[in-house]
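These notes concern the structure reproduced below.
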Amino acid sequence: MRTLHKGRQSEKSLFFKYYKWVLWFSFTLYFLTSFFITNKPLPLSKARVSGSKSSLASRVLFESVNKTRHKSKPKNPAAFKDLKIFIYELPSEYNEDWLSNKRCSNHLFASEVAIHRALMNTYDLRTFDPYEADFFFVPVYVSCNFSTVNGFPAIGHARSLISSAIQLISSNYPFWNRTQGSDHIFVASHDYGACFHAMEDRAIDDGIPDFMKNSIILQTFGVNYKHPCQDVEHVVIPPYIPPESVRNTLEKYPLTGNRDIMVFFRGKMEVHPKNVSGKFYGKKVRTEIWRRYNGDQRFYLQRQRFAGYQSEIVRSVFCLCPLGWAPWSPRLVESVALGCVPVIIADGIQLPFPSAVKWSEISLTVAERDVGKLGRILEHVAKTNLSTIQKNLWDPAVSKALLFNDHMQEGDATWQVLESLYKKLDRSYKRLRVSSQ
(Lines give C-alpha, C1' and ligand atoms only; values in the text may rest on other atoms or scores of the structure.)
Protein backbone atom coordinates (compact mmCIF):
# COMPACT_ATOMS: atom_id res chain seq x y z
CA MET A 1 0.00 0.00 0.00
CA ARG A 2 2.86 2.37 0.90
CA THR A 3 4.50 1.62 -2.43
CA LEU A 4 1.26 2.36 -4.25
CA HIS A 5 0.80 5.58 -2.27
CA LYS A 6 4.34 6.69 -3.05
CA GLY A 7 3.74 5.95 -6.72
CA ARG A 8 0.64 8.12 -6.76
CA GLN A 9 2.52 10.94 -5.00
CA SER A 10 5.28 10.68 -7.60
CA GLU A 11 2.76 10.83 -10.45
CA LYS A 12 1.06 13.79 -8.83
CA SER A 13 4.38 15.61 -8.38
CA LEU A 14 5.30 14.92 -11.99
CA PHE A 15 1.93 16.26 -13.16
CA PHE A 16 2.40 19.53 -11.26
CA LYS A 17 5.94 19.95 -12.64
CA TYR A 18 4.62 19.39 -16.16
CA TYR A 19 1.71 21.77 -15.54
CA LYS A 20 4.05 24.54 -14.25
CA TRP A 21 6.36 24.07 -17.24
CA VAL A 22 3.44 24.37 -19.69
CA LEU A 23 2.14 27.43 -17.84
CA TRP A 24 5.61 29.08 -17.86
CA PHE A 25 6.04 28.33 -21.57
CA SER A 26 2.57 29.74 -22.41
CA PHE A 27 3.22 33.00 -20.57
CA THR A 28 6.67 33.37 -22.15
CA LEU A 29 5.24 32.78 -25.63
CA TYR A 30 2.44 35.27 -24.97
CA PHE A 31 4.78 38.07 -23.85
CA LEU A 32 7.24 37.46 -26.67
CA THR A 33 4.45 37.49 -29.23
CA SER A 34 3.00 40.69 -27.77
CA PHE A 35 6.42 42.34 -27.89
CA PHE A 36 7.01 41.54 -31.55
CA ILE A 37 3.51 42.54 -32.59
CA THR A 38 3.69 45.94 -30.90
CA ASN A 39 7.26 46.54 -32.02
CA LYS A 40 7.09 45.20 -35.55
CA PRO A 41 9.39 46.84 -38.07
CA LEU A 42 8.18 48.67 -41.14
CA PRO A 43 9.50 46.57 -44.04
CA LEU A 44 9.43 48.30 -47.40
CA SER A 45 9.03 45.10 -49.31
CA LYS A 46 7.54 41.87 -48.05
CA ALA A 47 6.72 40.63 -51.51
CA ARG A 48 9.46 40.38 -54.09
CA VAL A 49 9.26 39.82 -57.79
CA SER A 50 11.97 38.18 -59.87
CA GLY A 51 14.10 37.48 -56.81
CA SER A 52 15.02 40.98 -55.60
CA LYS A 53 17.97 41.07 -53.20
CA SER A 54 18.27 43.19 -50.08
CA SER A 55 20.77 46.01 -50.41
CA LEU A 56 22.60 48.67 -48.48
CA ALA A 57 20.08 51.16 -49.83
CA SER A 58 17.18 49.26 -48.30
CA ARG A 59 18.91 49.27 -44.92
CA VAL A 60 19.54 53.01 -45.18
CA LEU A 61 15.85 53.76 -45.72
CA PHE A 62 14.83 51.16 -43.14
CA GLU A 63 17.14 52.66 -40.50
CA SER A 64 15.98 56.18 -41.39
CA VAL A 65 12.39 55.11 -40.83
CA ASN A 66 12.97 53.06 -37.68
CA LYS A 67 15.77 54.89 -35.83
CA THR A 68 13.27 56.62 -33.52
CA ARG A 69 11.22 53.48 -32.94
CA HIS A 70 11.89 53.52 -29.20
CA LYS A 71 11.09 57.20 -28.81
CA SER A 72 7.56 58.30 -28.00
CA LYS A 73 5.42 58.15 -31.11
CA PRO A 74 3.88 61.42 -32.30
CA LYS A 75 0.16 61.54 -31.96
CA ASN A 76 -2.22 61.88 -34.87
CA PRO A 77 -2.46 65.66 -35.38
CA ALA A 78 -5.87 66.95 -34.39
CA ALA A 79 -6.03 68.86 -37.66
CA PHE A 80 -6.30 65.57 -39.54
CA LYS A 81 -8.62 63.88 -37.04
CA ASP A 82 -8.87 60.21 -38.02
CA LEU A 83 -7.21 60.42 -41.45
CA LYS A 84 -5.58 57.10 -42.34
CA ILE A 85 -3.14 56.28 -45.13
CA PHE A 86 -2.07 52.81 -46.25
CA ILE A 87 1.39 52.53 -47.87
CA TYR A 88 1.85 49.70 -50.33
CA GLU A 89 4.95 47.63 -49.60
CA LEU A 90 6.20 47.25 -53.14
CA PRO A 91 9.17 45.14 -54.22
CA SER A 92 12.43 47.03 -53.89
CA GLU A 93 12.96 47.61 -57.61
CA TYR A 94 10.14 50.17 -57.48
CA ASN A 95 11.77 52.32 -54.82
CA GLU A 96 14.54 51.38 -52.39
CA ASP A 97 16.91 49.87 -54.97
CA TRP A 98 17.29 53.32 -56.51
CA LEU A 99 18.70 54.65 -53.24
CA SER A 100 22.05 52.97 -53.96
CA ASN A 101 22.78 56.32 -55.63
CA LYS A 102 22.85 58.83 -52.75
CA ARG A 103 21.81 61.60 -55.09
CA CYS A 104 18.39 59.95 -55.37
CA SER A 105 17.30 61.25 -51.98
CA ASN A 106 18.86 64.72 -52.26
CA HIS A 107 18.21 66.20 -55.70
CA LEU A 108 15.43 68.62 -56.64
CA PHE A 109 13.00 65.81 -57.65
CA ALA A 110 13.56 63.88 -54.39
CA SER A 111 10.19 64.78 -52.85
CA GLU A 112 9.05 61.34 -54.03
CA VAL A 113 11.52 59.84 -51.54
CA ALA A 114 10.97 62.46 -48.83
CA ILE A 115 7.18 62.09 -48.76
CA HIS A 116 7.47 58.31 -48.63
CA ARG A 117 9.87 58.50 -45.69
CA ALA A 118 7.75 61.02 -43.81
CA LEU A 119 4.56 58.98 -44.24
CA MET A 120 6.38 55.84 -43.08
CA ASN A 121 7.31 57.72 -39.91
CA THR A 122 3.89 59.26 -39.27
CA TYR A 123 2.78 56.38 -37.11
CA ASP A 124 -0.73 57.40 -36.11
CA LEU A 125 -1.69 58.46 -39.63
CA ARG A 126 -0.30 55.35 -41.25
CA THR A 127 -2.42 52.22 -41.05
CA PHE A 128 -1.38 48.63 -41.66
CA ASP A 129 -5.02 47.69 -42.21
CA PRO A 130 -5.98 48.73 -45.75
CA TYR A 131 -9.67 48.37 -44.97
CA GLU A 132 -9.53 51.34 -42.59
CA ALA A 133 -7.54 53.53 -45.01
CA ASP A 134 -8.84 56.73 -46.58
CA PHE A 135 -5.98 56.91 -49.07
CA PHE A 136 -3.43 54.54 -50.55
CA PHE A 137 0.12 55.75 -51.19
CA VAL A 138 2.00 54.09 -54.06
CA PRO A 139 5.76 54.62 -53.51
CA VAL A 140 7.41 54.47 -56.94
CA TYR A 141 10.67 56.40 -57.49
CA VAL A 142 11.04 57.37 -61.14
CA SER A 143 13.44 60.33 -60.86
CA CYS A 144 16.61 58.48 -59.91
CA ASN A 145 17.58 57.09 -63.30
CA PHE A 146 20.34 59.64 -63.92
CA SER A 147 21.66 60.05 -67.45
CA THR A 148 25.29 59.05 -67.97
CA VAL A 149 25.52 61.79 -70.63
CA ASN A 150 24.43 64.93 -68.76
CA GLY A 151 23.60 63.69 -65.25
CA PHE A 152 19.97 64.78 -65.47
CA PRO A 153 17.16 62.42 -64.42
CA ALA A 154 15.99 60.35 -67.38
CA ILE A 155 12.30 59.55 -66.91
CA GLY A 156 11.54 57.66 -70.10
CA HIS A 157 10.92 54.55 -67.98
CA ALA A 158 8.41 56.27 -65.66
CA ARG A 159 5.22 55.17 -67.42
CA SER A 160 6.17 51.52 -67.65
CA LEU A 161 7.43 51.38 -64.05
CA ILE A 162 4.26 52.95 -62.63
CA SER A 163 2.06 50.83 -64.89
CA SER A 164 3.84 47.74 -63.60
CA ALA A 165 3.30 48.83 -59.98
CA ILE A 166 -0.42 49.37 -60.62
CA GLN A 167 -0.67 45.96 -62.27
CA LEU A 168 0.95 44.44 -59.19
CA ILE A 169 -1.29 46.12 -56.60
CA SER A 170 -4.47 45.64 -58.62
CA SER A 171 -3.70 41.93 -58.97
CA ASN A 172 -2.94 41.38 -55.29
CA TYR A 173 -5.33 43.81 -53.59
CA PRO A 174 -8.97 44.77 -54.24
CA PHE A 175 -8.56 48.47 -53.43
CA TRP A 176 -7.43 49.84 -56.78
CA ASN A 177 -10.14 48.07 -58.74
CA ARG A 178 -13.03 49.18 -56.52
CA THR A 179 -12.36 52.88 -57.25
CA GLN A 180 -10.16 52.71 -60.37
CA GLY A 181 -7.47 54.35 -58.25
CA SER A 182 -9.36 57.50 -57.26
CA ASP A 183 -8.20 57.21 -53.62
CA HIS A 184 -4.61 56.35 -54.60
CA ILE A 185 -1.73 58.83 -54.37
CA PHE A 186 1.37 59.17 -56.54
CA VAL A 187 4.24 61.66 -56.53
CA ALA A 188 5.28 63.20 -59.87
CA SER A 189 7.99 65.69 -58.98
CA HIS A 190 9.14 66.36 -62.55
CA ASP A 191 9.11 69.32 -64.92
CA TYR A 192 5.57 68.65 -66.16
CA GLY A 193 4.23 66.32 -63.50
CA ALA A 194 2.66 63.07 -64.60
CA CYS A 195 3.19 63.89 -68.28
CA PHE A 196 6.75 62.65 -67.64
CA HIS A 197 8.73 64.75 -70.09
CA ALA A 198 11.03 67.76 -69.67
CA MET A 199 9.87 69.47 -72.89
CA GLU A 200 6.42 71.02 -72.72
CA ASP A 201 5.32 70.18 -76.29
CA ARG A 202 6.29 66.53 -75.85
CA ALA A 203 4.73 66.45 -72.41
CA ILE A 204 1.45 67.80 -73.80
CA ASP A 205 1.49 65.33 -76.71
CA ASP A 206 2.09 62.39 -74.38
CA GLY A 207 -0.33 63.62 -71.72
CA ILE A 208 -1.03 61.99 -68.39
CA PRO A 209 -1.20 58.18 -68.69
CA ASP A 210 -4.76 56.87 -68.67
CA PHE A 211 -3.98 54.59 -65.74
CA MET A 212 -3.20 57.65 -63.54
CA LYS A 213 -6.01 59.97 -64.59
CA ASN A 214 -8.34 58.98 -61.75
CA SER A 215 -5.71 59.24 -59.02
CA ILE A 216 -4.33 62.06 -56.88
CA ILE A 217 -0.96 63.38 -58.07
CA LEU A 218 1.42 65.31 -55.82
CA GLN A 219 3.34 67.37 -58.38
CA THR A 220 5.73 70.29 -58.57
CA PHE A 221 4.19 71.52 -61.83
CA GLY A 222 1.28 73.90 -61.58
CA VAL A 223 -0.13 76.80 -63.57
CA ASN A 224 -3.22 78.94 -63.07
CA TYR A 225 -4.69 78.17 -66.47
CA LYS A 226 -5.91 75.00 -68.16
CA HIS A 227 -3.07 72.64 -69.01
CA PRO A 228 -3.12 68.96 -70.04
CA CYS A 229 -0.39 68.10 -67.52
CA GLN A 230 -2.52 69.12 -64.56
CA ASP A 231 -5.80 67.80 -65.90
CA VAL A 232 -6.01 65.43 -62.94
CA GLU A 233 -6.80 65.68 -59.23
CA HIS A 234 -3.55 67.10 -57.88
CA VAL A 235 -1.72 68.98 -55.15
CA VAL A 236 1.10 71.37 -56.09
CA ILE A 237 4.12 70.66 -53.90
CA PRO A 238 7.51 72.40 -53.59
CA PRO A 239 10.67 70.96 -55.15
CA TYR A 240 12.94 69.20 -52.69
CA ILE A 241 15.72 71.04 -50.91
CA PRO A 242 17.57 69.09 -48.16
CA PRO A 243 16.61 70.79 -44.87
CA GLU A 244 20.02 69.98 -43.41
CA SER A 245 21.72 72.02 -46.15
CA VAL A 246 19.59 75.02 -45.18
CA ARG A 247 20.37 74.54 -41.49
CA ASN A 248 24.09 74.25 -42.17
CA THR A 249 24.07 77.47 -44.21
CA LEU A 250 22.13 79.41 -41.58
CA GLU A 251 24.53 78.26 -38.86
CA LYS A 252 27.31 80.07 -40.73
CA TYR A 253 25.30 83.01 -42.07
CA PRO A 254 22.42 84.32 -39.88
CA LEU A 255 19.13 85.01 -41.65
CA THR A 256 19.17 88.64 -40.54
CA GLY A 257 22.87 89.13 -41.21
CA ASN A 258 24.50 91.49 -43.70
CA ARG A 259 23.12 91.20 -47.24
CA ASP A 260 25.69 92.85 -49.45
CA ILE A 261 24.35 91.52 -52.78
CA MET A 262 21.33 93.40 -54.06
CA VAL A 263 20.19 91.08 -56.87
CA PHE A 264 21.44 87.51 -57.27
CA PHE A 265 21.15 84.76 -59.86
CA ARG A 266 23.39 81.80 -60.56
CA GLY A 267 22.36 79.32 -63.24
CA LYS A 268 22.04 78.63 -66.92
CA MET A 269 21.96 81.84 -68.98
CA GLU A 270 22.65 81.19 -72.64
CA VAL A 271 24.38 84.01 -74.47
CA HIS A 272 23.25 82.51 -77.76
CA PRO A 273 20.11 80.50 -76.98
CA LYS A 274 19.68 77.24 -78.82
CA ASN A 275 16.55 76.44 -80.77
CA VAL A 276 15.34 73.05 -79.49
CA SER A 277 12.41 71.86 -81.59
CA GLY A 278 11.20 75.42 -82.00
CA LYS A 279 11.57 76.22 -78.29
CA PHE A 280 14.15 78.29 -76.43
CA TYR A 281 15.24 77.52 -72.89
CA GLY A 282 13.33 79.68 -70.45
CA LYS A 283 11.70 81.53 -73.36
CA LYS A 284 14.94 83.53 -73.59
CA VAL A 285 14.17 85.27 -70.29
CA ARG A 286 17.50 84.27 -68.77
CA THR A 287 19.35 85.40 -71.90
CA GLU A 288 17.66 88.79 -71.61
CA ILE A 289 18.66 89.04 -67.94
CA TRP A 290 22.30 88.36 -68.85
CA ARG A 291 22.36 90.77 -71.78
CA ARG A 292 20.79 93.64 -69.87
CA TYR A 293 22.33 93.30 -66.42
CA ASN A 294 25.69 91.58 -66.78
CA GLY A 295 28.10 94.26 -65.61
CA ASP A 296 25.43 96.15 -63.66
CA GLN A 297 26.88 96.59 -60.15
CA ARG A 298 23.48 95.98 -58.57
CA PHE A 299 23.29 92.48 -60.12
CA TYR A 300 25.50 89.53 -59.18
CA LEU A 301 24.99 87.12 -62.10
CA GLN A 302 26.95 83.90 -62.51
CA ARG A 303 26.61 81.26 -65.25
CA GLN A 304 28.84 78.57 -63.72
CA ARG A 305 27.88 75.99 -61.11
CA PHE A 306 29.10 76.52 -57.55
CA ALA A 307 28.46 73.98 -54.78
CA GLY A 308 28.35 76.67 -52.09
CA TYR A 309 25.89 78.94 -53.81
CA GLN A 310 23.52 78.90 -50.82
CA SER A 311 26.08 81.14 -49.11
CA GLU A 312 25.44 83.63 -51.92
CA ILE A 313 21.66 83.43 -51.55
CA VAL A 314 21.81 84.19 -47.83
CA ARG A 315 23.89 87.30 -48.58
CA SER A 316 21.39 88.58 -51.18
CA VAL A 317 18.38 90.89 -50.89
CA PHE A 318 16.57 89.78 -54.06
CA CYS A 319 16.94 86.36 -55.72
CA LEU A 320 15.77 85.93 -59.30
CA CYS A 321 13.61 82.85 -59.94
CA PRO A 322 13.09 82.76 -63.72
CA LEU A 323 11.47 79.85 -65.51
CA GLY A 324 13.55 77.15 -67.17
CA TRP A 325 11.90 74.52 -69.35
CA ALA A 326 9.14 74.43 -66.73
CA PRO A 327 7.85 77.43 -64.74
CA TRP A 328 8.89 76.17 -61.28
CA SER A 329 12.38 76.23 -59.85
CA PRO A 330 14.18 74.98 -56.70
CA ARG A 331 15.35 78.59 -56.24
CA LEU A 332 11.87 79.39 -54.98
CA VAL A 333 12.36 77.20 -51.93
CA GLU A 334 16.02 78.07 -51.39
CA SER A 335 15.33 81.80 -51.57
CA VAL A 336 12.51 81.61 -49.04
CA ALA A 337 14.41 79.28 -46.70
CA LEU A 338 17.46 81.55 -46.74
CA GLY A 339 15.59 84.84 -46.41
CA CYS A 340 16.18 86.26 -49.89
CA VAL A 341 13.11 87.87 -51.48
CA PRO A 342 12.11 85.66 -54.44
CA VAL A 343 11.58 87.53 -57.70
CA ILE A 344 9.34 85.17 -59.64
CA ILE A 345 9.58 85.48 -63.42
CA ALA A 346 7.30 82.74 -64.76
CA ASP A 347 3.96 83.82 -66.17
CA GLY A 348 0.98 81.90 -64.82
CA ILE A 349 2.87 79.79 -62.30
CA GLN A 350 0.82 78.17 -59.54
CA LEU A 351 2.79 78.21 -56.29
CA PRO A 352 2.61 75.55 -53.56
CA PHE A 353 0.55 75.74 -50.38
CA PRO A 354 -0.94 79.26 -50.76
CA SER A 355 -2.94 78.89 -47.54
CA ALA A 356 0.29 78.51 -45.54
CA VAL A 357 2.60 80.68 -47.65
CA LYS A 358 1.20 84.11 -48.50
CA TRP A 359 3.27 84.48 -51.63
CA SER A 360 2.11 88.02 -52.43
CA GLU A 361 3.43 89.16 -49.03
CA ILE A 362 6.88 87.53 -49.22
CA SER A 363 7.83 87.70 -52.92
CA LEU A 364 7.69 89.79 -56.06
CA THR A 365 6.20 88.71 -59.38
CA VAL A 366 7.57 90.24 -62.56
CA ALA A 367 6.03 89.47 -65.94
CA GLU A 368 8.35 87.82 -68.45
CA ARG A 369 7.89 90.76 -70.83
CA ASP A 370 9.02 93.20 -68.10
CA VAL A 371 12.47 91.73 -67.50
CA GLY A 372 13.96 94.88 -69.01
CA LYS A 373 12.41 96.86 -66.15
CA LEU A 374 13.85 94.68 -63.37
CA GLY A 375 16.38 97.28 -62.22
CA ARG A 376 13.80 100.02 -61.74
CA ILE A 377 11.24 97.67 -60.14
CA LEU A 378 13.69 96.34 -57.54
CA GLU A 379 15.09 99.77 -56.77
CA HIS A 380 11.56 101.00 -56.08
CA VAL A 381 10.79 98.07 -53.76
CA ALA A 382 14.09 98.53 -51.92
CA LYS A 383 13.16 102.17 -51.19
CA THR A 384 9.54 101.52 -50.18
CA ASN A 385 8.25 98.25 -48.70
CA LEU A 386 11.31 95.95 -48.58
CA SER A 387 11.40 95.85 -44.77
CA THR A 388 7.76 94.72 -44.64
CA ILE A 389 8.36 91.96 -47.19
CA GLN A 390 11.44 90.75 -45.30
CA LYS A 391 9.58 90.72 -42.00
CA ASN A 392 6.92 88.47 -43.54
CA LEU A 393 9.53 86.33 -45.30
CA TRP A 394 11.64 85.76 -42.20
CA ASP A 395 8.74 84.23 -40.25
CA PRO A 396 10.06 80.68 -39.52
CA ALA A 397 6.65 79.16 -40.35
CA VAL A 398 7.01 80.29 -43.97
CA SER A 399 10.19 78.41 -44.80
CA LYS A 400 9.08 75.44 -42.71
CA ALA A 401 6.03 74.96 -44.94
CA LEU A 402 8.26 74.39 -47.97
CA LEU A 403 10.74 71.89 -46.50
CA PHE A 404 10.24 68.12 -46.22
CA ASN A 405 11.57 66.34 -43.14
CA ASP A 406 12.13 62.60 -42.61
CA HIS A 407 9.92 62.93 -39.54
CA MET A 408 6.97 65.19 -40.18
CA GLN A 409 6.83 68.37 -38.12
CA GLU A 410 3.76 70.50 -37.54
CA GLY A 411 3.49 72.95 -40.40
CA ASP A 412 6.19 71.45 -42.64
CA ALA A 413 5.75 70.43 -46.29
CA THR A 414 4.43 66.93 -45.52
CA TRP A 415 1.98 68.50 -43.06
CA GLN A 416 0.77 70.81 -45.83
CA VAL A 417 0.34 67.81 -48.16
CA LEU A 418 -1.80 66.05 -45.56
CA GLU A 419 -3.91 69.16 -45.03
CA SER A 420 -4.54 69.24 -48.78
CA LEU A 421 -5.43 65.55 -48.81
CA TYR A 422 -7.79 66.01 -45.87
CA LYS A 423 -9.80 68.37 -48.07
CA LYS A 424 -10.15 65.55 -50.61
CA LEU A 425 -11.78 63.03 -48.28
CA ASP A 426 -14.78 62.93 -50.59
CA ARG A 427 -12.59 60.56 -52.65
CA SER A 428 -12.22 58.14 -49.72
CA TYR A 429 -14.07 54.91 -50.47
CA LYS A 430 -14.28 54.18 -46.74
CA ARG A 431 -15.97 57.51 -46.00
CA LEU A 432 -18.36 57.26 -48.92
CA ARG A 433 -19.37 53.77 -47.86
CA VAL A 434 -19.99 54.85 -44.26
CA SER A 435 -22.01 57.92 -45.29
CA SER A 436 -24.22 55.84 -47.59
CA GLN A 437 -25.15 53.37 -44.85
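The values are calculated or read from the model by the stated rules, or taken from the named source; none is laboratory data. Just so you know, these numbers come straight off a predicted model, no measurement behind them. Positions of Cβ are generated from backbone atoms using ideal geometry, with glycine treated the same way; all protein chains shown enter the neighbour counts. Just the protein is used for accessible areas: all its heavy atoms, side chains included, with ligands, DNA and RNA removed. Shrake-Rupley method; radii C 1.70, N 1.55, O 1.52, S 1.80 Å.
Would you calculate the separation in nanometres between label points at ASP231 and ASP395, each defined as 7 Å from the Cα along the Cα-to-beta-carbon direction?
Output for this residue pair reads 3.7 nm.
Normalised by the residues of region 106-182, what does the relative contact order come to in percent, with Cα pairs under 8 Å and at least six apart?
18 percent
How long are the semi-axes of the equivalent ellipsoid of region 243-401, defined as square roots of 5 times the Cα gyration tensor eigenvalues? Whole Å, largest first.
24, 17, 16
Compute the length gained on full extension between ASN150 and PHE306: take 0.36 nm times their separation in residues and subtract their Cα-Cα distance, giving the result in nm to one decimal.
Working it through step by step, the gained length comes to 54.5 nm.
Which of the peptides 90-97, 365-372, 394-401, 316-323 is most tightly packed, and how do the rest follow, judged by the mean count of other Cβ atoms within 10 Å per residue?
With the highest mean Cβ count within 10 Å placed first, the list reads 316-323, 90-97, 394-401, 365-372.
Please give the FRET efficiency for ASP205 paired with ASN106, using the beta carbon to beta carbon distance and R0 = 45 Å, rounded to the nearest 0.05.
Efficiency computed from Cβ-Cβ geometry: 0.90.
Let's test the formula: R0 of 45 Å, r as the Cβ-Cβ distance of ASP370 and THR256. What FRET efficiency results, to the nearest 0.05?
Between ASP370 and THR256 the formula returns 0.90.
Hey, if we sort ASP201, ASP426 by accessible area with the 1.4 Å probe, largest down, what's the order?
Result, largest first: ASP426, ASP201.
Peptides 413-419, 155-161, 222-228: what's the order by average Cβ count within 10 Å, highest mean first?
Highest-to-lowest ranking by the protection proxy: 413-419, 155-161, 222-228.
Student exercise: in region 243-401, how many lysine pairs 8 or more apart or on different chains have Cα atoms under 18 Å apart?
Close lysine pairs under the 18 Å cut-off: 12.
With label points built 7 Å along Cα→Cβ from the Cα atoms of SER360 and GLU270, find their separation and express it in nm.
Reported label-point gap for SER360 and GLU270 is 3.5 nm.
Might you work out the accessible area of TRP176 for me, using a 1.4 Å probe with all protein chains in place, and round it to the nearest 10 Å²?
Result for TRP176: roughly 20 Å² accessible.
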